[in-house]
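Derivation of every value follows stated rules applied to the coordinates shown; laboratory data play no part. This is a predicted model, so every value here is computed, not measured. Here the Cβ is made from the backbone with ideal geometry for all residues, glycine too, and neighbour counts use every protein chain on show.
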Amino acid sequence: MDYTACHVVVTGAASGIGLATAHAAAERGAQVIALDRDASALQRMQAKFSERAWPLTTLPVDLADEAAIRDVVARLATLSPKIDLLVNSAGIVSRGLFEDTALADWQRVLSVNLTGSFLCLQQMVPLLRAGTGRAVVNVASLAAKRVSHTGGASYTAAKAGVLGLTRHAAFELAAHGIRVNAVCPGPVLTAMTLNATTQAARQQVAEMVPLGEWSTPEDVAHAILFLGSPLARMITGTTLDIDGGLSLVTGTSYAAYRAAREK
Ligand SMILES: NC(=O)c1ccc[n+]([C@@H]2O[C@H](COP(=O)([O-])OP(=O)(O)OC[C@H]3O[C@@H](n4cnc5c(N)ncnc54)[C@H](O)[C@@H]3O)[C@@H](O)[C@H]2O)c1
């Protein structure tokens, strides 16, 4: 996959899947524009990219803030004449039980994961239309189709919403040649999951995954870059699972399933 001369915007770019996507795009020649609320992590990212002479523009922004998104996209338009690929990766989780979920928590999770993705995409349509790549990849989750184990009901609902957003935007924006797809990662080792799990819990999760391990942020980044590339030129409105086969698992653990059959 060659991203030479491509302008790739990544939200949530300072950590985890967003950071791996920014790296993988830069390695392939892209000019990356990184959006994140964590200004100091963006500075560390800038330093790493400079070491490798990769072009990078960093724009701190809170994607829960509509006015801030409008401002940052206006600034982006003065820095970049086009966007070839937009990756909406910024996300947060809230872990409470359903009955204890406070409205403010619910709204915060929806505003970053779902409304932030909607606003970024909507605001960037003119820049995407000016690009040659004309692709968007939303980072949803396996939770969009099942139940989140890292987050709560707000996360499951937000990610299910991201799939609806993906389908509808794909349908309408096809008129402009813009493709919109989503990835649904299963468990991925990033700050989000490391902060929410113990080593023992991570081992249990790995044992549930048919391929036997957690995905890496790079595994997801490569799927994102595939969907964003001309290799996927007739793929739009769809989702790609990166979960080591976890969505194939029913009630029994994978090891128990095999043990019952192996003599
Ligand atoms: N890690 C997993 O197992 C997993 C699985 C499925 C889906 N996802 C999704 O992947 C995406 C990336 O998650 P990750 O695991 O890399 O997590 P991460 O915590 O490593 O990275 C998330 C990034 O988003 C940024 N961010 C959070 N809120 C923001 C806001 N309001 N404005 C701007 N930036 C904000 C953070 O600063 C951080 O840099 C998220 O959408 C997450 O829901 C993760």
For Lys145, go through the lysines and keep the ones whose alpha-carbon is under 30 Å away, minus same-chain ones fewer than eight residues off. Lys159
In whole Å, what is the distance between the alpha-carbon centres of the range 19-62 and the range 112-175? 21 Å
Would you report the distance distribution of C-alpha pairs in the range 78-150 as whole percents per 10 angstrom bin, up to the bin with the largest distance? 18, 40, 25, 14, 3
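How long are the semi-axes of the equivalent ellipsoid of the range 138-263, taking √(5λ) for every eigenvalue λ of the Cα gyration tensor, in whole Å from largest down?
On the way: eigenvalues 172, 54, 37 Å².
Semi-axes from the Cα gyration tensor: 29, 16, 14 Å.
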Quick one: putting +1 on the C-beta of Lys and Arg, -1 on the C-beta of Asp and Glu, what dipole do you get for the chain around its Cα centre, in Debye to the nearest 20? 460 debye
Listed residue (Thr198, Ile235, Gly164) projecting farthest to the positive dipole end of the chain, Cβ model: Ile235
Dipole of the chain [Lys/Arg +1, Asp/Glu -1 at C-beta], most positive-end residue of Ile92, Ala174, Leu35: Ala174
Cβ-based charge dipole, the chain, positive-most Cα from Gly131, Ser253, Leu19: Gly131
With just the Cα atoms of the range 178-239, tell me how far they stretch along each of the three principal axes, in Å, largest first. 43, 23, 17
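Going by a ≥ b ≥ c, the root eigenvalues of the Cα gyration tensor, does the chain fall in the rounded group (a/c under 1.5), the prolate group (a/b larger than b/c) or the oblate group?
Numbers: a/c = 1.62, a/b = 1.47, b/c = 1.10.
Prolate, because a/c is 1.5 or more and a/b exceeds b/c.
State to the nearest 20 debye the size of the charge dipole of the range 185-263 about its Cα centre, where the only charges are +1 on K and R beta carbons and -1 on D and E beta carbons.
On the way: 5 positive and 7 negative charges, 39 e Å.
The calculated dipole for the range 185-263 is roughly 180 debye.
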Dipole magnitude (debye, nearest 20) for the range 52-121, charges at Cβ of Lys, Arg, Asp, Glu: 400 debye
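Taking the beta-carbon count within 10 Å as an exposure proxy, list Val32, Val136, Val209 from fewest neighbours to most.
Least to most surrounded, the residues fall as Val209, Val32, Val136.
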